[in-house]
Structures are given as C-alpha cells and as structure tokens.
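A.B. asks: Got a structure for you, questions after.
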C-alpha cells in the first residue's frame, strides 16, 4: 500500500491578539453597544481564549458503541446532526409515510432585503408546490433567500477535505460549527435531513453570471459529503489527514448517501447561461447517483429575454408557456416518485458501478 503523504507549506493564518481583537470588536460598532464596554472587554477575552486554544468543538462526549474508536471525543453538535439524518432516512424508507418532495428556491432575492421585491423564482416555486400538493405529496420548501435576509442563517464554504481524502470528508460535514473561528450558525445541519427524507428533489433557480447563485452553489459544495462521505469521524480521529489517507488507500467504498432519489430542475435567465447551468445541475445530481425524472423534468428558458429588469415580473406574467414548463417538471418528478413506490419505475443504473478509479 502507498504510504500516506501529507503536504504542507502554506503561510500561517494565526492572528495576533491585537488583530483578533480589532476584527472581533468590529462586530459591535453599533452605538447601542457603547455602554457595554466592560462587558465587551470580558467577552473579547473569552473569545481570544477560545481562538488561541483552537477550541473548535467545546462540547464533546465519548463516541461510544458503533464507532471505530468508542473512546474518541466526538462533537455533540455532530451527533445531533447525525441523529437527524438517521431519523430522516427512516422516514424516507417507511412505505407508510407520505412521500416527500424537497422544493428548493435557488434565488437569493427577497422583498425583505435590498432588492425590495420577491424573486420570479419564488413565484415559480409557489406554482410547483401547488402541483405537488395536488398529487398528494408532503412538501418541504428550502428557501435559500433566507441566507441574505434572515439573521443567523449561513452556509459556510466547503474546505475541500475530500481532496485530501474521501475518508476525511465526514457525513454529515464535521467542519462546522467551528466556535474558535466564530464559524457558527451553519444551516447545513438542518438542510442535510431535508435531502435525506425526500423522495424527489426539485430545484428552481435563476442564472447569476453564467453560474449558480452563491447560496445554491454553497449548498452544492457542502453536499459533497453525501457522495462518498465518511459516516464515522472517530475512524480518522477527527481531521487527522494521515489517518484518513491510510483509510482511503486500504480501499474506500464511496457510500452514496442520497442515491435513488428522483430530481428535476428548472433554470431561468434573462439573456444567457440558462442551458449551461441546467446541464451543470443535472450532471451534479446524476453524479451523486440521484435519478432524473426524465426529459420533461429538466428545463431551462428565458423570462423577458434582453428586456429591462424593471419589467421582469410582468414578463413572467406574460409567459404562461414557461410557467407551464415549470409545472411539468413538478409533474414529472411526482409521477416518477409515485411509479417507483408502486414498483413500476426501475432505476436505470441499479446495480451498476462506475468502473473508473476514484
């Protein structure tokens, strides 16, 4: 077996006490905090202690039975996230449960923040939900615009642990929260169970500069752990790169944690890029072993092509054909889920494995 090789050499990022305090206090520039100087001094001191001692997960317990190392001190945050995922999987697998659809609004635009009005994407999400409701599904809305408009909602960026070793990328992600760096309020631990519980996923999204909007792309990146991620952080004693490499080199199974769920996408733009984003999304979902609900479940188009943005909502009003296309995506997903649960829809790739080396 190849000896694990861990490369180092990037510049240090540790802050001095002075720089840390400057950045920390910048969060409290509102004059309302001015009378709380003494209290803030104590909070700064406590925050520096957590940062300087790298207390990423201040609350842990022994992993216990069922883990590779029962004595490993595992973060209680991660255990809560894992429990939610296991419960979601049980709901997904229970034939007596109402089938679920995860309906995702990929637009960050909201009337409750700077744009001042709702997004066209949100309007299309509402139309798709009507279709799913009529077909008898339980619908979970995932509105990614809450990242821009709601306090305490964040999706922190992926750190690319998988590029060190697939075994270092834990399912669910164990990179966050990181209390010592102030990287808290991560939304993904609530989002993972929504994907797990779903029998069908529909993404409706605009194009932003030829690409997925920032919030949608952040969620996509953080779902990498669903495609081959390690469900046991104790097996790598947290983030010990050499241990993870050794584990992967022994032969990794690449568990597909979301395999078999049906998907559909609807992408809209104003001038260009919709087709490219639609293809990128379907490729991504297919790579995670989700199953397309068919050609009618994958659509892209333009609303108010090359027209003023100020009249874009009116352009959607005047485009019933595109609205119907989006509703057709929902119908195709719903039919695929129903047929599958009745035993009439076979997954085309069932039992086949990618022969290419990972």
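Here's the yes/no breakdown for (1) surrounded by 15 or more Cβ atoms within 10 Å (Cβ to Cβ); (2) in a loop (DSSP other than H, G, I, E, B):
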position	(1), (2)
3	no, yes
15	yes, yes
35	no, no
39	no, no
43	no, no
51	yes, no
77	yes, no
97	no, yes
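A.B. asks: Any residue in the range 82-94 that is surrounded by 14 or more Cβ atoms within 10 Å (Cβ to Cβ) and out of contact with any helix residue (DSSP H, G or I) (no Cβ under 9 Å at 6 or more places or on another chain)?
C.D. replies: So far as the range 82-94 goes, yes, one or more of its residues are surrounded by 14 or more Cβ atoms within 10 Å (Cβ to Cβ) and out of contact with any helix residue (DSSP H, G or I) (no Cβ under 9 Å at 6 or more places or on another chain).
A.B. asks: Note down all Cβ pairs under 8 Å where the first residue falls in the range 243-256 and is assigned by TED's automatic domain parsing to the domain that holds residue 162, the second is in a helix (DSSP H, G or I) and at pLDDT below 95, and they're at least six residues apart or on different chains.
C.D. replies: Matching pairs, first to second residue: none at all.
A.B. asks: Every residue in the range 54-75 that is in contact with a helix residue (DSSP H, G or I) (Cβ under 7 Å, 6 or more places away or on another chain) and assigned to a loop (DSSP other than H, G, I, E, B), please.
C.D. replies: Taking the range 54-75 and keeping what is in contact with a helix residue (DSSP H, G or I) (Cβ under 7 Å, 6 or more places away or on another chain), we get 54-61, 63, 67-69, 72, 74.
Scanning the range 54-75 gives 54, 55, 56, 57, 58, 59, 63, 67, 68, 69, 72.
A.B. asks: Could you say which residue among 152, 136 is at pLDDT below 95 and over 22 Å from residue 74 (Cα atoms)?
C.D. replies: Values: 136 fails: at pLDDT below 95.
Residue meeting the stated conditions: 152.
A.B. asks: Does residue 7 satisfy the condition of being farther than 18 Å from residue 183 by Cα, modelled with pLDDT under 95, loosely packed, with under 14 Cβ neighbours inside 10 Å and not assigned by TED's automatic domain parsing to the domain that holds residue 83? Can you show your working first?
C.D. replies: On the way: farther than 18 Å from residue 183 by Cα: yes; modelled with pLDDT under 95: yes; loosely packed, with under 14 Cβ neighbours inside 10 Å: yes; not assigned by TED's automatic domain parsing to the domain that holds residue 83: yes.
It is true that residue 7 is farther than 18 Å from residue 183 by Cα, modelled with pLDDT under 95, loosely packed, with under 14 Cβ neighbours inside 10 Å and not assigned by TED's automatic domain parsing to the domain that holds residue 83.
A.B. asks: If you check residue 292 against the conditions, is it at pLDDT below 95 and surrounded by 17 or more Cβ atoms within 10 Å (Cβ to Cβ)? Please lay out each step first, then the result.
C.D. replies: Numbers: at pLDDT below 95: no; surrounded by 17 or more Cβ atoms within 10 Å (Cβ to Cβ): yes.
No: the conditions fail for residue 292.
A.B. asks: Identify the single condition in (1) exposed (fewer than 15 other Cβ atoms within 10 Å of the Cβ); (2) not in a loop (DSSP other than H, G, I, E, B); (3) not assigned by TED's automatic domain parsing to the domain that holds residue 170 that residue 21 does not satisfy, given that it satisfies every other one.
C.D. replies: With respect to (1) exposed (fewer than 15 other Cβ atoms within 10 Å of the Cβ); (2) not in a loop (DSSP other than H, G, I, E, B); (3) not assigned by TED's automatic domain parsing to the domain that holds residue 170, residue 21 is out only on (1).
A.B. asks: Hey, can you tell me all the residues within the range 168-190 that are under 12 Å from residue 226 (Cα atoms) and touching a strand residue (DSSP E or B) at 6+ places or on another chain (Cβ under 7 Å)?
C.D. replies: Of everything in the range 168-190, those that are under 12 Å from residue 226 (Cα atoms) and touching a strand residue (DSSP E or B) at 6+ places or on another chain (Cβ under 7 Å) turn out to be 169, 170, 171.
A.B. asks: Report the residue count in the range 135-188 for those that are in contact with a helix residue (DSSP H, G or I) (Cβ under 9 Å, 6 or more places away or on another chain) and in a helix (DSSP H, G or I). So that I can check it myself, show each step before the final result.
C.D. replies: Going through the range 135-188, the residues in contact with a helix residue (DSSP H, G or I) (Cβ under 9 Å, 6 or more places away or on another chain) turn out to be 135-148, 153-158, 160-162, 164-177, 179-182, 186-188.
Filter again for in a helix (DSSP H, G or I), leaving 146-148, 161-162, 166-168, 179-181, 188.
So the count comes out to 12.
The values are calculated or read from the model by the stated rules, or taken from the named source; none is laboratory data. These figures come from a predicted structure and were not determined experimentally. Backbone-built Cβ (ideal geometry, glycine too); neighbour counts: all protein chains shown.
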